[in-house]
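Taking it in order: structure first as structure tokens, then the write-up.
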Amino acid sequence: MAVEVVEGGVADGLAPPARQCGSAGLLVLAFLMDLTSASMIVFAITGVYLWFQLEKRRLPGALILAAGFVYTASMVIYLLQ
């Protein structure tokens, strides 16, 4: 087994295998990344929908969800400054 040491960041380390795939390989890689992103979004939306169906846990879940939104928004605002 050979180990290749690549100087630079993570993107530099991931770029050579993608370049070796050719244009068809890049299309497949892009499709799989899009499919993964879409499935994560659907998973989150269906999770919120199923949680909303539980009446007993609606308020605590809403508080946690709101706290997550506030935390995320504050981090985005902080990082954009």
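Modelled spin labels at residue 28 and residue 50, positioned 7 Å past Cα toward Cβ, are 3.2 nm from each other.
Compute the FRET efficiency between residue 64 and residue 2 as 1/(1 + (r/R0)^6), taking r as their Cβ-Cβ distance and R0 = 41 Å, and round to the nearest 0.05. It comes to 0.30. Computed from backbone phi with θ = phi - 60° and the Karplus coefficients 6.51, -1.76 and 1.60, the 3J(HN,Hα) list for the stretch 46-63 is 5, x, 5, 4, 5, 5, 5, 6, 8, 6, 5, 9, 5, 5, x, x, 5, 5 Hz; x is used for glycine and proline.
Each value in this text was obtained by applying a stated rule to the coordinates, not by laboratory testing. Since this is a predicted model, take the numbers as computed values, not measurements. With ideal geometry, Cβ positions are generated from the backbone for all residues, glycine too; neighbour counts draw on all protein chains shown.
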